[in-house]
1. Kindly indicate the residue of the range 518-567 that is part of a loop (DSSP other than H, G, I, E, B) and either among the hydroxyl-bearing types (Ser, Thr, Tyr) or in contact with a Phe, Trp or Tyr (Cβ under 9 Å, 6 or more places away or on another chain) (or both) and also modelled with the lowest pLDDT among those meeting that condition.
2. Which condition number does residue 376 fail, the rest of (1) within 16 Å of the ligand (Cβ to nearest atom); (2) of a type in the set (Gly, Ala, Ser); (3) part of a loop (DSSP other than H, G, I, E, B) being met?
3. Can you name the condition, by its number, that residue 623 falls short on among (1) of a type in the set (Phe, Trp, Tyr); (2) buried (at least 20 other Cβ atoms within 10 Å of the Cβ); (3) at pLDDT below 95?
4. Take the residues of the range 294-327 that are of a type in the set (A, V, I, L, M) and within 25 Å of residue 277 (Cα to Cα): which is nearest to the ligand (Cβ to nearest atom)?
5. Name every residue in the range 580-616 that is assigned to a helix (DSSP H, G or I), more than 19 Å from residue 639 (Cβ to Cβ) and basic (Lys, Arg), in order of residue number.
6. If we only count strands (runs of 3 or more DSSP E) wholly inside the range 112-206, which ones have 1 or more residues that are crowded, with 24+ Cβ neighbours inside 10 Å?
7. If you check residue 624 against the conditions, is it assigned to a helix (DSSP H, G or I) and more than 21 Å from residue 269 (Cα to Cα)?
8. Answer yes or no as to whether residue 91 is closer than 30 Å to residue 192 by Cα and charged (D, E, K, R).
Amino acid sequence: MSEPHLYPVPSEWAKRAYVDDTAYQERYAASMRDPEAFWGEEGKRIDWFTPYTRVKNTSFAPGAVSIKWFEDGVTNIAHNCIDRHLATRGDQVAIIWEGDDPSESRHITYRELHDEVCRFANVLRNRDVGKGDRVTIYMPMIPEAAFAMLACARLGAVHSVVFGGFSPDSLAGRIVDCGSKVVITCDEGLRGGRKVPLKANVDAAIVKAGEDKVDHVIVVRRTGGNVAMKPGRDVWYHQAAEMVTSECPAVAVGAEDPLFILYTSGSTGSPKGVLHTTGGYLVYASMTHHYVFDYHDGDIYWCTADIGWVTGHSYIVYGPLANGATTLMFEGVPNYPSNSRFWEVIDKHKVTIFYTAPTAIRALMQGGDAPVSKTSRASLRLLGSVGEPINPEAWEWYYRVVGENRCPIVDTWWQTETGGILITPLPGATALKPGSATRPFFGVRPEIVDAEGTVLEGACEGNLVIADSWPGQMRTVYGDHERFMQTYFATYPNKYFTGDGCRRDADGYYWITGRVDDVINVSGHRMGTAEVESALVAHPKVSEAAVVGYPHDIKGQGIYAYVTLMAGEVETEDLRKELIVWVRTEIGPIASPDLIQFAPGLPKTRSGKIMRRILRKIAEDEFGNLGDTSTLADPAVVDDLVSNRQNKK
Ligand code: PRX
């Protein structure tokens, strides 16, 4: 492999950034040498009602995994994200909201944020929401979504945000799993000029979950569209908010009390409720936001994620607000009304730091340079990438065309489970290599292991594990600690297994190569192949299904489904389309198969296990490299699969 181009740290960056390379080396070494002392100091970046005396109490020991940080400290997240800024930044804008329609925007100061969040918290409190209660939030990208999250945090309640693109069925499963009695939603969402029937989806989800499962649905008005309201259960937020004051004390919460649950896909079973707690999460989200984005007063920071994903939690809401930042929230999509939208928003609000996903960059890159070049982007000084490996071509385009060779790119590797960024450049410290997430953040101890768990040294390739805890780490799978230990700590004892493959080069830079388990990453959205398979086999005409990822120019990976029909069913184009719609309805549009191949039989071992390796190779067009097929129960099925392979899009 040829050595990639190296982009050194611009000298003005080394000077102005919080951390230059020397500082990085020193502080990283200190964080490895004495984690207690390092984090004991860093923990002070947030306010504590009762200071902690214990810093780190963590164990990855087989069967006894337990993760506690700052455990005797007492604090409140909403206090840290709002109240503590009021004296110095009450009139500073906390949230800039840019609507789907370019003529709509709002500016919310920290003082206004305080009033809005207190009101929202009082509305929840009047519905018996208190410490430890779960609240499901199914909202579009409007400020009320952030108010609702912070209102839960203010009361010590636990939010579970469900991405607005998930179907009623997926929403129902998540409501039931965490037992949330309250759901917060909108009449409708608005994206790219199209309406999304959020309230109607909630109604359908509650029918599916069981009417007795949900006591209250709080409905924020967004479009004014007509929605059904069930008396006694459903309430308009604007009406409920008129009945309460804008004062609500921030409840004292233990560092290890839960803050939120976020469902994410794994290799097997239904999505897991990833549980994050209070103190360590906020310290880590705030610290990474501060250093990775080199956030300074006066910056306008924009992360284009949706609050339905962890990136929205840590880097639209909690990290930036804990730092007293101005964070931009965007309701729309990158190509509406035109392909210039991102860059127009940057000019309109003078955005200085811009954080987005490779899939968006690749899609916009296809539209050529003109939609970018016609805008100024003079305010930009730093770019970020997250969610999937960024291919060097997309990186170079982002750097050259969007950032005009002026803005470093921080390619941040992390996961829902990690709470915050673990491997990333720091813009004043790290020379960049396109496609590499570069080096570990302070306190993060990555290792690369082979299949047997042997730790590899120097330049190598294998599976990525993290050898010790960091404060932002998830604490458990909600309601299933055994599954937590099995999923993340059983493969390599005493290490957290990320599920990612990774290469380390001679400079110690990390290159994430993608998932090594049955998780696929479609446009930066994580999808378990097992989930799509179980949606497909729920269709009455389907007998069996196997789903794999394949390389896709825009999405990174596409979803390739092999489907065996029930005896007597006929393979038609109409049925193919029907199955795609079926999966969309069962899970949501993000799970739509890109390609469906009808297969009379799937390659199985004699014990009946589907050989996914072969299916992956066929989907990737690597027919010449199918490996040993002699152990298959019926090797002839492979020839049929190869000759009927669907054409790649
Ligand atoms: O495979 C890695 C990929 O996304 C996975 C985590 O997905 P999720 O929990 O949905 O969180 C996404 C946002 C943090 C990882 O296991 N991934 C995320 N960021 C990168 C990445 N792969 C390569 N480079 C990245 N920067």
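1. In the first step, residues of the range 518-567 are kept if they are part of a loop (DSSP other than H, G, I, E, B); the result is 518, 523-524, 538-541, 553-555, 566-567.
Okay, now just the ones that are also either among the hydroxyl-bearing types (Ser, Thr, Tyr) or in contact with a Phe, Trp or Tyr (Cβ under 9 Å, 6 or more places away or on another chain) (or both), so 523-524, 538-539.
Details: 523: 93, 524: 89, 538: 95, 539: 97.
Once the filter is applied, the top-ranked residue is 524.
2. If we test residue 376 against (1) within 16 Å of the ligand (Cβ to nearest atom); (2) of a type in the set (Gly, Ala, Ser); (3) part of a loop (DSSP other than H, G, I, E, B), just (1) comes out false.
3. Only one criterion is unmet by residue 623, namely (2).
4. First, the residues of the range 294-327 that are of a type in the set (A, V, I, L, M): 300, 305, 307, 310, 316-317, 321-322, 325.
Among the residues that remain, those that are also within 25 Å of residue 277 (Cα to Cα) are: 305, 307, 310, 316-317, 321-322, 325.
Details: 305: 8, 307: 13, 310: 5, 316: 12, 317: 14, 321: 19, 322: 18, 325: 19 Å.
Here the residue is 310.
5. Step one: filter the range 580-616 for residues assigned to a helix (DSSP H, G or I), giving 580-586, 589-591, 612-616.
The next check asks that each one be more than 19 Å from residue 639 (Cβ to Cβ); those that pass are 580-586, 589-591.
584 - this is the single residue of the range 580-616 that is assigned to a helix (DSSP H, G or I), more than 19 Å from residue 639 (Cβ to Cβ) and basic (Lys, Arg).
6. Working: elements: 134-137, 158-161, 182-186, 189-191, 194-196.
By residue number, 134-137, 158-161, 182-186, 189-191.
7. Details: assigned to a helix (DSSP H, G or I): yes; more than 21 Å from residue 269 (Cα to Cα): yes.
Here the answer is yes, as residue 624 does meet what is asked.
8. Working: closer than 30 Å to residue 192 by Cα: no; charged (D, E, K, R): yes.
So residue 91 fails the test.
The values are calculated or read from the model by the stated rules, or taken from the named source; none is laboratory data. In this text the structure is predicted, and so the values were computed from the model without any measurement. We place every Cβ from the backbone using ideal geometry, glycine too, and count neighbours over all the protein chains shown.
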